[in-house]
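The values are calculated or read from the model by the stated rules, or taken from the named source; none is laboratory data. All values derive from a computational prediction rather than experimental measurement. Positions of Cβ are generated from backbone atoms using ideal geometry, with glycine treated the same way; all protein chains shown enter the neighbour counts.
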Amino acid sequence: MNQIQNANVHNTTALRHTLETILWYVVLCLIALVTVFPFVWVISTSFKGPTDVIYSVPPQLIPQNPTFANYIRVWNQLPMGNFFLNSILVTVSTVVFNVLFTALAAYPFAKMKFPGRDVIFYLLLATFIVPPQLTYIPSFVLAVNVFHYYDTIFALIFPSLATVFNIFLLRQAFRTVPDDLIDAGRIDGASEFRIWWSILLPVVRPALATVAIITFVAQWNDFFWPSLMLHTRTNMTLQVGLANLQGMFTSDSRGVAAGVVMAIIPILIIFVLLQKQFVRGLTGAVKG
Amino acid sequence: MFKKRFLTPYLFLTPALIIIAIFIIYPIVAVIYYSFTDFSIVTPPEWVGLRNFQQLVNDPVFWQALLHSFIYLLVTPVLIILCIILAIIVNRKLPGIHIFRAIYYIPVISGSIAVGICWRLMFDTNGLLNSILLSLGIIVEPIQWLAEPAYTLPIAMLLTIWMGLGYYMMVFLAGLQNIPEELYDAALIDGCNNWQKHWHISVPGLRPQITFIVVISSLAAIEVFNEIYILYGPLGGVLNSGVTMVFYLWRQAFRLQHAGYASAVAIVLLVITLAFSIGNIRYLERGSEAA
Amino acid sequence: MKTSIALKLLMPLVAIAMILAACATPTPVVQTVVVEKTVPVQQTVQVEKKVIETQIVEKVVQVTPTPGPNPEAVIQGVEQGCELNMWTFWLSPTFDDYIKSTIARFEETYPGVTVKWEDHQATFQDDLRNAFAAGNAPDVINLSVSEGWVSDYATKGLLLPLDDKVPQNVKDLYFPGLWKEQLVNGVNYQFPWYQGINVELVNKQLYDKTGLKIEDFPKTVDGLPGLCKTIKQKTGTLCDVRLTVNDLLAQMIYEGGAKVISDDGKTFTFDSPEAVAWLQMYVDMVKDGTLDKTVLVTDQDRVGLDLFTSGKAAFYQTGPNLIREVRANNPGLYGYLAAVPAPVGKSGVLGKGLMSLSVKNDTKCPNASIALAQFFTNPKNMLDFSKLVAVYPSTPASYDDPFFSAAPVAIEDSAKPIAKDIISKYADIVPTIPKKADVNQIVLDAVQQALFSNVPAQKALTDAVAKANALINQ
C-alpha cells in the first residue's frame, strides 16, 4: 500500500516539476522575444525587395521577395569595411593599452605605501563623477590646436588610454591577493615590475578580463566624442558611420535596416564566441 | 630605500596619471575657466565674469533641460527592480540557460546607435508599432509617437531600460550566486514562500550590487545624449521635450557656437553629479551598516 | 595569462579586419579578351606605274602654335601648387562621374592646382561647423541658399566676400538676381550654382480620391490648409509640409509676406499681423490634425521626401531633380506622378536660389578657390549638369543651348521650357539678420510653442521679438 502511495506521490511531484520547467521556459522565451523582437523586424526589413511593403496593416514579417540587393547597395555606397576597421583598431588599441596602464597604476594603490597615495587616490575617485561630456570642449581644442589629431582615430584612442573606473576595479582585485605572495617575491629579490607581471597579473586574471570587456563595450559603442572628431567618411568608426547611414538612406528603410544588421552581426559573433568569458568577467565585476 | 618608497610607485602610476591629467583634470580646470568667458572655439575666449550664469538662471530651456535630466533618473529604480527579477529568473540550472542569458545581453553590445535606429523604425508614424496597434484594432489612426512632446522622454527612457536589462541582469546574477545556499535553506525550513525568500534574503544580499548600479545608472541617466540624438535628431524633440543637460550642452557648444555658455551648463552638471553621487553613496552605505 | 584572453579577443577581430580589408576595395579584374577575326586575304596586283616624281622642295616653316587662352580660364592670378579641398552636399554617388570629370577638366584648365573632393550628406552642417572650429574647413563649399546657409556662415565672417575679387565680366555671366542672393550687409558671398524650380509632386493615386482635378491644386500657399483637410477626409493621409527650421524668418517672408526687421536693422518686427497670420495658418493645420508633425519640424528635407516616396502623402514640394529618388525607391509611384507649379507665397516672389559655391575666408589660395567655384558654375559645366538631371543653370548663356528649347519628354523635364523665365525672376528678399543662428532658435522655440503648446500665435511671436531685440542690443 505504502509503495503505491509513494509511487503516486513521486509521479505527481515529477509531473509538477515538468510543468514548472515548461512554465519557466515559456517565461524565458517571452522575455527573449521582448529582447530581440526589434532586431527581428529590422532583419526582416533588410531582406525585403522593392515590392515588399514595409508598412502595412497587419505588418508583414516574412518578405515575399527576399533579396540581398539592399546589403550590396549599402556596401557599395558606404565604406562599411572602413567603418569596421576603424572601430576595431580603436577599440583593440584602447583595450590593450588601457588595461596595461590601469593595471600598472592599480598596483601601488593596492599594495604599496608611499607619500601622497591617499590624496591622489581620492582625487582620482572624485574625477570619476565628472561627466565625460564636460571634458569634450577643451578636448576638442586640444585635439585641434595641440595634438593635431583631429579627424584621425588617434583622437579617439588617446583620451581613453586610462580610466579611473578601471583603476578602481583593479585596485579592488589586487587587494584580494594575499600579501605573502608578494613578500615571497620581494624576498627572492624580484623587482616590483617582475612581481607585478609574473605574480599579480596571473592571479587577477578574471578581473583583467572584466576590465577588458567593460572597456571594449564602452569604446565600441562610443558615439558622441567620435562624431565630434571624425568627419571624413573613410575615417569614421562604426557608430558614427551608422548615424551617417541613417541620414544618407532616409528615403530607404531597407538600406538602413541592411546597414544596421551589417553593423551588429560581427559584434554578435564575437560575443557568441567569447560568451563564457563575457559572462564570467561581468559577474566578477562587482564584488563589494 | 627612497627609490623603493617613492620612485617605484610613481613610475607605475605615471602613464595613467599623465593621461588622466591631460584628458580629465586639465579639461575640468579649462571648463571652469571657459564658463566665465564668451568663447566660440573659432574665436579666442573673452572674459565676461558671471554673465553666463546669470543668463542660465533666466533661460527657460536650461531649466527644462534640468527637469528632463531629473525625470530621466526614473530609469534607475525601474532597471533595478526589473533586473533583480530577471536575475532571479535566470538563476536556475535549466539546460540551455546560458543561451537565454546571452540573448538578453544582445541589446547591450549592439550599441545605442544601432538599437536607436531599430527603435526609430518601430516608433515611426509608419512603423511597426502603429501597424500592430492598427491591425489589433486598438487604435483607429496612426499615432505620431515621435512627434508628441509627452512621449518624447518616455520613449527614450524605454530605450535606455531595454538596453540596460541584460547588462545589469548579469551584475545581479553574479551577486545572487554569491549568496550562500544555507540562507535559503534556513528560510525554507522556517516556512517562507518564494516571494518572502527573495525579499528577505536576495535583496539585502544584493546590496553592494544595488549600490553600484544606482551610482552608475543614475550618472548615465543624468548624462544621457545618444538616445535623444538618434531618436529625435538635432531638434531634440518637439518643444524641446527631449532636451537634457548634455543635449543642451551640445547644442550650445557645437550648434550655436557658444562654448562659454555651454561650459557654464557643464559646471552646473558637474555640481549636480557630485551632489548626487555623494548623496547616493552616503545613503546606501548607511543602509548597509544598519543591515 | 592575460595573453590568452587578449588573444581570444584579438584573433577573431584580426581575422574579421583582414577579411574586411580585402573586401573593402574591390579591385576590378582586367580580363584580356582574345577575339578571333577572319581577315579576307586580298590579292595585290602589282601595277607598274610610272611616276614622275617631281621634287618639290617644301620650305617648311616651323610654326609652334601658341596655345590660345582656354576659354574657361577666366580667373587671373591663380596660385600655383595649391591643393584645394571641396565639399559638395548630397551629390555622391549619383553624380560621381560628373564631379570627377569636371574636376579633371578644371585641373587641365588651371595647371598647377589640384582638387580633393568630399561629399557630405545628412551631417553636412555638423561636419562643416566642426571643421571650421578645427580650422580645417574646405576651401570651396557647396552651401544651400534655400536653407539659408550662406548667410549663416557669412555673418560669422567665415566666407570670402566676392564682389571685389571677381572681375565684372565674370559677374555678368550670372543672372543678376542670383549673384545678389543672401547678401550680408550688401556684400555677396557665393557663386550661384545649380538652381531648382519648386514643383509640387503629386501622388495621383491618392490625389484623385479627393475628387479634385490636378489643375485645381492651390496656386497660393493659403490654399493649402483647405486642401489638407480634404485630403485627410477623403484619403486618411496626412499632409507632407515642412518648415525650414533653420531659416524660419526667410520662410515667413516668402510665404507670409511679412517684414521681419526694421530698416535700420535694430528692431525685429516679426510679430506683425502678416507674420501672425502666417504662423496661425500652420497652427490651424496642426489643430485640424492634417499635418505630419515629424516632417513639419524636421531639419532634413529628405525626411519629407521619404514620406512621399513611400506613398503615404498626396503631395510634396521639392525640385524635379529629386524625382530620381522617387523613381529609385518606389518605381510603382513613379508611374502615378504628376507635377504642378508650386504655390506662391504672399510675397509674390517665385522663389530663391537653391545651391551655391562659396569660398572660405581664410583660404590659403583665394584666387585658385575662386577659380574652382567659378569653373563649376560656368555656363558650359552647368549645362552639362542640367543634361544629367533636372536642375537649371544660373547663367543665362546656358539656356541658349537647344537642350532647353527641346520639348519635355519625361515628367522631370516638365519645367524645362519655363525654367529660364522663372529663374531670372528669383530674388532674395530676406534682409541681413544679425546673430541669425540665435534669433532663429528663439523663433523656433516660439513657433513650437504656438504649434504644439496652445500658446496663441501673437503672444508667442511678441515674446520672441522681445527676446530677439534684447539679444541684438546687448
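Anything in the range A:129-154 that is more than 11 Å from chain B (Cβ to nearest Cβ) and either touching a residue at least 60 places away in the same chain (Cβ under 8 Å) or among the basic types (Lys, Arg) (or both)? List them, or say none. Reasoning before the result, please.
Looking only at the range A:129-154, we keep the residues that are more than 11 Å from chain B (Cβ to nearest Cβ), and these are A:148-154.
Passing the criteria: A:Tyr150, A:Asp151, A:Thr152, A:Ile153.
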Qualifying residue in the range C:265-284 (condition: in contact with a Ser or Thr (Cβ under 9 Å, 6 or more places away or on another chain), farther than 20 Å from C:Val145 by Cβ and modelled with pLDDT under 90): yes
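Looking at B:Val61, is it in contact with a Phe, Trp or Tyr (Cβ under 7 Å, 6 or more places away or on another chain), in contact (Cβ under 8 Å) with a residue 24 or more places away in the chain and under 30 Å from B:Trp162 (Cβ atoms)? Walk me through how you get there before you give the answer.
Values: in contact with a Phe, Trp or Tyr (Cβ under 7 Å, 6 or more places away or on another chain): yes; in contact (Cβ under 8 Å) with a residue 24 or more places away in the chain: yes; under 30 Å from B:Trp162 (Cβ atoms): yes.
So B:Val61 passes the test.
Could you tell me whether any residue of the range A:175-191 is assigned to a loop (DSSP other than H, G, I, E, B), within 9 Å of chain B (Cβ to nearest Cβ), crowded, with 16+ Cβ neighbours inside 10 Å and among the hydroxyl-bearing types (Ser, Thr, Tyr)?
Within the range A:175-191, the subset assigned to a loop (DSSP other than H, G, I, E, B) is A:176-178, A:188-191.
Filter again for within 9 Å of chain B (Cβ to nearest Cβ), leaving A:191.
Right, trim to crowded, with 16+ Cβ neighbours inside 10 Å and you get none.
For the range A:175-191, residues assigned to a loop (DSSP other than H, G, I, E, B), within 9 Å of chain B (Cβ to nearest Cβ), crowded, with 16+ Cβ neighbours inside 10 Å and among the hydroxyl-bearing types (Ser, Thr, Tyr): absent.
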Output the residues belonging to the range B:256-277 that are closer than 26 Å to B:Pro154 by Cα, more than 7 Å from every other protein chain (Cβ to nearest Cβ) and either free of Cβ contacts under 8 Å to residues at least 24 places away in the same chain or buried (at least 24 other Cβ atoms within 10 Å of the Cβ) (or both). B:Val265, B:Val271, B:Ala275
Where the second residue is of a type in the set (Val, Ile, Thr) and buried (at least 18 other Cβ atoms within 10 Å of the Cβ) and the first is not assigned by TED's automatic domain parsing to the domain that holds A:Ser253 and lies in the range A:21-43, which pairs have Cβ atoms under 6 Å and are six or more apart or on separate chains? A:Val42/A:Val260; A:Ile43/A:Val261
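For the condition β-branched (Val, Ile, Thr) and buried (at least 21 other Cβ atoms within 10 Å of the Cβ), what is the one hit in B:Ile230, B:Ile189, B:Ile201?
Working: B:Ile189 fails: buried (at least 21 other Cβ atoms within 10 Å of the Cβ); B:Ile201 fails: buried (at least 21 other Cβ atoms within 10 Å of the Cβ).
Exactly one of B:Ile230, B:Ile189, B:Ile201 is β-branched (Val, Ile, Thr) and buried (at least 21 other Cβ atoms within 10 Å of the Cβ), namely B:Ile230.
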Could you list, in sequence order, the residues of the range B:196-255 that are over 27 Å from A:Pro138 (Cβ atoms) and among the charged types (D, E, K, R)? B:Lys197, B:Arg207
For the range B:221-237, enumerate the residues that are more than 8 Å from chain A (Cβ to nearest Cβ), in a helix (DSSP H, G or I) and farther than 18 Å from B:Val115 by Cβ. B:Pro234, B:Leu235
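Scan the range A:72-91 and tell me whether some residue there is more than 30 Å from C:Ser92 (Cα to Cα) and free of Cβ contacts under 8 Å to residues at least 12 places away in the same chain. Spell out the reasoning first.
To start, the set of residues in the range A:72-91 that are more than 30 Å from C:Ser92 (Cα to Cα) comprises none.
Within the range A:72-91 (the criterion being more than 30 Å from C:Ser92 (Cα to Cα) and free of Cβ contacts under 8 Å to residues at least 12 places away in the same chain), the answer is no, since none of the residues qualifies.
Hey, any hits in the range B:5-12 for a residue that's more than 7 Å from every other protein chain (Cβ to nearest Cβ) and crowded, with 18+ Cβ neighbours inside 10 Å? Don't jump to the end; show me each part of the working.
Of the range B:5-12, the ones more than 7 Å from every other protein chain (Cβ to nearest Cβ) are B:7, B:10-11.
Within this subset, residues satisfying the condition of being crowded, with 18+ Cβ neighbours inside 10 Å are none.
No, that holds for no residue.
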Regarding A:Asn98, is this residue under 30 Å from A:Asp118 (Cα atoms), polar (S, T, N, Q) and crowded, with 21+ Cβ neighbours inside 10 Å? yes
When (1) facing another protein chain (nearest Cβ under 10 Å); (2) modelled with pLDDT under 90; (3) in a helix (DSSP H, G or I); (4) surrounded by fewer than 23 Cβ atoms within 10 Å (Cβ to Cβ) are applied to A:Pro50, the one that fails is (3)
Residue under evaluation C:Thr377, criteria (1) β-branched (Val, Ile, Thr); (2) in contact (Cβ under 8 Å) with a residue 12 or more places away in the chain; (3) touching a helix residue (DSSP H, G or I) at 6+ places or on another chain (Cβ under 9 Å), criterion not met: (3)
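Matching residues to (1) hydroxyl-bearing (Ser, Thr, Tyr); (2) over 24 Å from the mean Cα position of the chain (by Cα); (3) under 18 Å from C:Gln448 (Cα atoms); (4) in a loop (DSSP other than H, G, I, E, B):
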position: C:Gly226; (1), (2), (3), (4): no, yes, no, no
position: C:Thr230; (1), (2), (3), (4): yes, yes, no, no
position: C:Gln233; (1), (2), (3), (4): no, yes, no, no
position: C:Tyr254; (1), (2), (3), (4): yes, no, no, no
position: C:Ala258; (1), (2), (3), (4): no, yes, no, yes
Qualifying residues in the range C:301-358 (those that are among the basic types (Lys, Arg) and more than 15 Å from the chain's Cα centre (by Cα)) - the one nearest to C:Asp163 (Cα to Cα): C:Lys346
Restricting to the range A:110-122, name every residue that is buried (at least 16 other Cβ atoms within 10 Å of the Cβ) and either more than 8 Å from every other protein chain (Cβ to nearest Cβ) or closer than 14 Å to A:Ala212 by Cα (or both). A:Ala110, A:Lys111, A:Phe121
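Could you tell me whether B:Pro204 is closer than 29 Å to A:Val36 by Cα, out of contact with any Phe, Trp or Tyr (no Cβ under 7 Å at 6 or more places or on another chain), more than 10 Å from chain A (Cβ to nearest Cβ) and part of a helix (DSSP H, G or I)? Write out each step before concluding.
Numbers: closer than 29 Å to A:Val36 by Cα: no; out of contact with any Phe, Trp or Tyr (no Cβ under 7 Å at 6 or more places or on another chain): yes; more than 10 Å from chain A (Cβ to nearest Cβ): yes; part of a helix (DSSP H, G or I): yes.
Spelling it out, it is not the case that B:Pro204 is closer than 29 Å to A:Val36 by Cα, out of contact with any Phe, Trp or Tyr (no Cβ under 7 Å at 6 or more places or on another chain), more than 10 Å from chain A (Cβ to nearest Cβ) and part of a helix (DSSP H, G or I).
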Please determine whether any residue of the range A:196-206 is assigned to a helix (DSSP H, G or I), among the basic types (Lys, Arg) and in contact (Cβ under 8 Å) with a residue 60 or more places away in the chain. no
Of (1) on the phi < 0 side of the Ramachandran plot; (2) within 11 Å of another protein chain (Cβ to nearest Cβ), B:Thr76 satisfies all except one. Which? (2)
For C:Gln121, state whether it is under 16 Å from the mean Cα position of the chain (by Cα) and surrounded by fewer than 22 Cβ atoms within 10 Å (Cβ to Cβ). yes
Got a sec? Which helices (runs of 4 or more DSSP H) wholly within the range B:42-125 have at least 3 residues that are surrounded by 16 or more Cβ atoms within 10 Å (Cβ to Cβ) and small (Gly, Ala, Ser)? B:112-123
For residues that are surrounded by fewer than 22 Cβ atoms within 10 Å (Cβ to Cβ) and free of Cβ contacts under 8 Å to residues at least 60 places away in the same chain, scanning just the range B:207-219, find the one that is nearest to the other protein chains (Cβ to nearest Cβ). B:Phe212
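I'd like the residue in the range A:219-239 that is part of a helix (DSSP H, G or I) and free of Cβ contacts under 8 Å to residues at least 24 places away in the same chain and, out of all such residues, is nearest to A:Tyr136 (Cα to Cα).
Taking the range A:219-239 and keeping what is part of a helix (DSSP H, G or I), we get A:219-221, A:224-229, A:233-235, A:238-239.
Filter again for free of Cβ contacts under 8 Å to residues at least 24 places away in the same chain, leaving A:221, A:227.
Details: A:Asn221: 17, A:Ser227: 11 Å.
Ranking the candidates gives A:Ser227 first.
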Selection within the range C:296-353 - surrounded by fewer than 18 Cβ atoms within 10 Å (Cβ to Cβ), of a type in the set (D, E, K, R) and part of a helix (DSSP H, G or I): C:Arg324, C:Arg327
Going by the conditions given, is B:Gly287 of a type outside the set (Phe, Trp, Tyr), modelled with pLDDT under 85 and under 20 Å from A:Pro226 (Cβ atoms)? no
Given the conditions (1) among the aliphatic types (A, V, I, L, M); (2) at the interface with chain A (Cβ under 7 Å from one of its Cβ atoms); (3) under 20 Å from A:Leu30 (Cα atoms), report the number of the one that B:Ile113 does not fulfil. (3)
